[in-house]
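Below is one structure; the comments refer to it alone.
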Amino acid sequence: MDIAAAFPILVLKGLLPVAYLAALVAYGRTFFSDRARENESETGPKTGLMGVLLAHSALLIAITLRFQRVPLWTLGEALLFLGWMLAVLHLLSEWSAETRRLGLFTLAPAAACAVPALFFLGDPIALPPDYLGAWFIFHIVASLASYAAFSLAAVLALLYLIQHRNLKQKHFTLTFRNLPPLDKLDRLAATWAFMGTLLMIASSVIGAWWVRRDSLRGMTPSEAGIFAVLAIFLGAAIARRALGWRGKRHAQWILLGFAALVIANSVLHGFFRY
Amino acid sequence: MSTHPQVFVLGVNHRTAPGPLRDQLLFRDDALPGFVQSLLQKGITREAVVLSTCNRSEIYGVAEPAENLRPALEEAWSDCCGVEEKRLSEHDYFLVEAPAVRHLFRVIGSLDSMVLGEMQILGQVKEAYQTAVERQWTDFYLNHLFQAGLHTGKRIHSETGIHEGAVSISYAAVELARKVLGDLRGKTVGLVGTGEMGELAAQHLHRAGVRAFLFFNRSAASADSLAATFGGKSHTMDELPGTMAQCDIVISATGATGIVITAEYVRDAARRRHGEPLFLIDIAAPADIEAAAGEAENTFLFTIDDLKNAVQENVELRREASRKAEAIVEEEAARIAAWTAGLDVVPTLKALREKYQDMVEREIDKRAAGATPEVRAQLEALGRGLLNKFLHAPSTRLKALGEQGEAQRASYYASSLFALDASAGPAELKTESRDKQNADR
C-alpha cells in the first residue's frame, strides 16, 4: 500500500469517530439539560455538527480521489456514504424542526453507520465498467438517500411513540420536557418518510432504466423486498392523507416500513452486495 | 471602619406583613415624589429608589452612616401612608450594606417572590429604578448597585431555569397543550363553562396567540360576554357535540354535577377531525369529561389532578434552579462588596492626582511664562501625558488592594510614600507609626 497516498485517509479515519463522539456529547448535553427552554447561545452542537460534516465530507473526497471513483460499492463504502447522507439529512431536519434537542437521536444513526464503516473500508477494488456509469451512480445515490430518509423518519416515529406514551400515561419526565411537541414529531416523521418514498421511487425507476427492465418478472428476492418497503411507505402516505391515519398509527407504519427495509437489505440481499 | 456611604433598605413584603397592611403601605404615584423629596431634603438619604408592588414596598437609599436611620425612615413612611409607626416597625425589615445588596439581588432574581421564579419583578424593579433616574433621585452608588442588580436578574433569567415551567393550573394547561400541538397560533379553542378557571385558561391561551374561541355555556349572556372579551363565538351547550370537531383544544370548567362531555362525543369528534390531535382539559370538580374519552385515537385528556402533578414537578424544578440562582446572587454580591471596599481608596487616589496635577501646572506656569499659546498647549499635553503614565501603576495597584480589602493600609502607605495630606490615612495606622518612631528614638 502506498503510505503517502493513504495518509490523509488514515488521518481522517482517525478523526471521524472523535468528531462524531464530540458532536453526540454536545447534543447529549443539550438534550439532558435541566432547562425546559433551549439555550440558543449554546454553540457546542453546532460546532460538533460542523466538525462531523467537514471530517466526513473530507474522508469521502479523499477516498474518491484515491480510488478514482465515488465510494459506493463495498459494504464499508456504502455504509460510509449512507452515514454521510444521514448527517446531511440530520442538518436539514434540525433546520426544519428549529430545535437541537433531537440531535442526539437523529445524528446517532449517522454515527452508527459511519464508525463501523471504517472497519470495512479496504483497498480499492476493480469494478466492471457497467458499474461506473452515471445512471448506476444515480441509482445507488438515490437509493442510499431514501434509506437515510427512512432511517430518520423511523427515529422520529420512535420518538413520537415515546412522547405519545409520556402524554397518555402523564409521565412529566425529562424526556417529556425536552422532546419537541407531539404534532411536530408527527409532521417531521411523515415528511421524511414521504421524501424517502419519492427517492426510492426515483431510485427504482433509474435502476430499471439501467438494467433495461420493463416488467416485474424475474425480480430477485431483495428487489421484491424493496418493493414491499415501497408499498408500505406509499400506503402509509396515502392512508395519512385519505383516511387520517396520523399520529400513533402513522408512526407504527413507518417503523414497520423501516423494519422491512432492514430485512430487505440484510436477510434478502446481504449487506450491500453489488 | 469603612469610609464610604452605606446602602440600606427598609421594607415590608408578603412574608413580613399581612395583605391589608401592605396595601396601606403602598406608595401611591401622587404621594411618591413628595415622600422621596422630603427624605432627600432632610438628608435622611443621599439617593433613593422606591419599589412598590402588591407584594412588597421597599425604600433603597444611601447614607453615611446608615445604621441609625431606621426610626427616621419609619416615621417618614408612616406619615406618608397614614399607618401607625409602631405597626410599621413590627412588620418591616431594615438591612444595611452587604445584607441590603444581597436582598436587592434576591428580589430582582425573584428568589424572594411569593411565586418563586416569577419574572414580573424584574420589570417592576427596572421601572422603579427608571423613575428614580428620571427624577434624579439616584447618583453614583444606587446607579451602580441597581445596574449590577439588573445584570444579576438577567443572569439568573438566562443561566437558570427558575422561571420555566408553569406553576399555576391554568397556565400548566396551556403548557401541556403546547406539548401536544406545538405553536398554538391558528388553533381553535372550545371553552365549556364560563367559570373563573376557564376564563384564566382563555387568557393564557389568548396570550399564546389563540384567536379562535368557541364559548359553550347554559347561559347565553355569560358566553356572549366572554366572546366579546376574547373574540370568538358563543354557543349553547346543545351545540357542543356537533361543534366539538372544530376545536383543537377543549377546556371544560363547568359547575355541573355530572358528565358534560361523554366519550361518545369525543370519539365522534376525533373521527371527524380526520386524525388531527384533540387536546382535552377537564378543570372541573367533579369531572366534566368522561375518563374513557382519553382513550380515543389522537386524543389527549388531562384532568385537574394531572395538571396539579405537572405544577408540582415544575415547582420542584424551580426549587432546584433556585440553588443555582442563589450562587449567582452570592457571586454578584461579592463583586459589589469588592467594588465597595475599593471605594475606600478613592480619597487617596484623588489626593494623589490633585497633588501631582498641581505640581505639573506650577512647573508649566514657571517654564512657559511668555511662551506662545501653542507652546503652552504642547507643554500642557506633555504634562498630562506624563502624569497619566506615572500615576497609572500606583492608581491601579491601589484600586486592586482596595478591592482585596486592604484599602486602609494601602491608603496609609501611599500617603506616606507620596507625602499626601495626612487625613488620607487611617488613625490607627498613624498612631502605630508614631509609636514606632518614638521607640526608635
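Key figures
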| quantity | calculated |
| --- | --- |
| Some residue of the stretch B:398-415 being open to solvent by 100 Å² or more (accessible area, probe 1.4 Å) and among the aromatic types (F, W, Y) | yes |
| Hey, B:A173 more than 10 Å from chain A (Cβ to nearest Cβ), part of a helix (DSSP H, G or I) and touching a Leu at 6+ places or on another chain (Cβ under 8 Å) or not | yes |
| Condition broken by B:T138, with the remaining ones in (1) without any contact (Cβ under 8 Å) to a residue 60 or more places away in the chain; (2) within 23 Å of B:W339 (Cα to Cα); (3) of a type outside the set (D, E) satisfied | (1) |
| Candidate set from the stretch B:172-183 (those that are without any contact (Cβ under 8 Å) to a residue 60 or more places away in the chain and crowded, with 21+ Cβ neighbours inside 10 Å); member that is farthest from B:M244 (Cα to Cα) | B:K179 |
| Helices (runs of 4 or more DSSP H) wholly inside the stretch B:220-303 containing at least 2 residues that are open to solvent by 40 Å² or more (accessible area, probe 1.4 Å) and assigned by TED's automatic domain parsing to the domain that holds B:A201 | B:220-230, B:263-272 |
| Failed item in (1) on the phi > 0 side of the Ramachandran plot; (2) in a helix (DSSP H, G or I), with B:K308 passing the rest | (1) |
| All positions within the stretch B:176-193 that are within 13 Å of another protein chain (Cβ to nearest Cβ) and either assigned to a helix (DSSP H, G or I) or in contact with a strand residue (DSSP E or B) (Cβ under 9 Å, 6 or more places away or on another chain) (or both) | B:L176, B:A177, B:R178, B:K179, B:V180, B:L181, B:L184, B:G186, B:K187 |
| Filtered residue count, the stretch B:1-30, keeping only those that are surrounded by 14 or more Cβ atoms within 10 Å (Cβ to Cβ), outside any strand (DSSP E or B) and not aromatic (F, W, Y) | 12 |
| One residue from A:F150, A:F227, A:F138 being more than 14 Å from chain B (Cβ to nearest Cβ) and either open to solvent by less than 10 Å² (accessible area, probe 1.4 Å) or among the charged types (D, E, K, R) (or both) | A:F150 |
| Yes/no for A:L121 being touching a residue at least 40 places away in the same chain (Cβ under 8 Å), away from every other protein chain (no Cβ under 14 Å) and surrounded by fewer than 20 Cβ atoms within 10 Å (Cβ to Cβ) | yes |
| Enumeration of residues in the stretch A:63-95 that are small (G, A, S), in contact with a Leu (Cβ under 7 Å, 6 or more places away or on another chain) and over 17 Å from A:I125 (Cβ atoms) | A:A87, A:S93 |
| Leading residue by the ranking (nearest to A:P109 (Cα to Cα)) among those in the stretch A:157-186 that are facing chain B (nearest Cβ under 9 Å) and open to solvent by 50 Å² or more (accessible area, probe 1.4 Å) | A:K184 |
| Qualifying residue in the stretch B:198-206 (condition: modelled with pLDDT of 85 or more, away from chain A (no Cβ under 14 Å) and loosely packed, with under 15 Cβ neighbours inside 10 Å) | no |
| Test for A:A114: is it under 26 Å from A:R69 (Cβ atoms) and open to solvent by less than 10 Å² (accessible area, probe 1.4 Å) | yes |
| Candidates A:L10, A:L21, A:L72, A:L54, filtered to the one that is open to solvent by 40 Å² or more (accessible area, probe 1.4 Å) and at pLDDT below 90 | A:L10 |
| Residues of the stretch B:419-441 that turn out to be part of a helix (DSSP H, G or I) and either over 12 Å from B:T348 (Cβ atoms) or modelled with pLDDT of 85 or more (or both), as a count | 14 |
| Inter-residue pairs, beta-carbon under 7 Å, first in contact (Cβ under 8 Å) with a residue 60 or more places away in the chain and more than 11 Å from chain A (Cβ to nearest Cβ) and in the stretch B:150-166, second part of a helix (DSSP H, G or I) and of a type outside the set (D, E), 6+ apart | B:T152/B:F105; B:T152/B:I108; B:T152/B:I328; B:T152/B:V329; B:R155/B:I328; B:I156/B:A325; B:I156/B:I328 |
| Selection status of A:A153, in contact (Cβ under 8 Å) with a residue 12 or more places away in the chain, under 26 Å from A:G225 (Cα atoms) and in contact with a Gly (Cβ under 7 Å, 6 or more places away or on another chain) | yes |
| Members of the stretch B:190-219 that are out of contact with any Phe, Trp or Tyr (no Cβ under 6 Å at 6 or more places or on another chain) and either outside the structural domain of B:A253 (by TED's automatic domain parsing) or aliphatic (A, V, I, L, M) (or both) | B:M197, B:L200, B:A201, B:L205, B:A208, B:V210, B:A212, B:L214 |
| Qualifying position, being part of a helix (DSSP H, G or I), within 26 Å of A:L15 (Cβ to Cβ) and hydroxyl-bearing (S, T, Y), among A:S93, A:S146 | A:S93 |
| Residue satisfying condition, being without any contact (Cβ under 8 Å) to a residue 40 or more places away in the chain and of a type outside the set (G, A, S), within set B:T243, B:T303, B:T254 | B:T303 |
| Residue pairs meeting the criteria (Cβ under 7 Å; at least 6 apart or on separate chains; first away from chain B (no Cβ under 12 Å), in the stretch A:237-257; second open to solvent by 40 Å² or more (accessible area, probe 1.4 Å)) | A:A237/A:F194; A:L255/A:L158 |
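To keep it simple, each residue is scored yes or no on (1) outside any helix (DSSP H, G or I); (2) aliphatic (A, V, I, L, M); (3) under 29 Å from B:H157 (Cα atoms); (4) under 15 Å from the mean Cα position of the chain (by Cα).
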| position | (1), (2), (3), (4) |
| --- | --- |
| A:D34 | yes, no, yes, no |
| A:T47 | no, no, yes, no |
| A:G51 | no, no, no, no |
| A:R69 | yes, no, no, no |
| A:A78 | no, yes, no, yes |
| A:L86 | no, yes, no, yes |
| A:A108 | no, yes, no, yes |
| A:A111 | no, yes, no, yes |
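The values are calculated or read from the model by the stated rules, or taken from the named source; none is laboratory data. Everything numeric in this text was worked out from a predicted model, so none of it was measured. Every residue, glycine as well, gets a Cβ built from its backbone with ideal geometry; the counts of neighbours run over all protein chains shown. The area values use the complete protein model at the heavy-atom level, side chains included, leaving out ligands, DNA and RNA. Shrake-Rupley method; radii C 1.70, N 1.55, O 1.52, S 1.80 Å.
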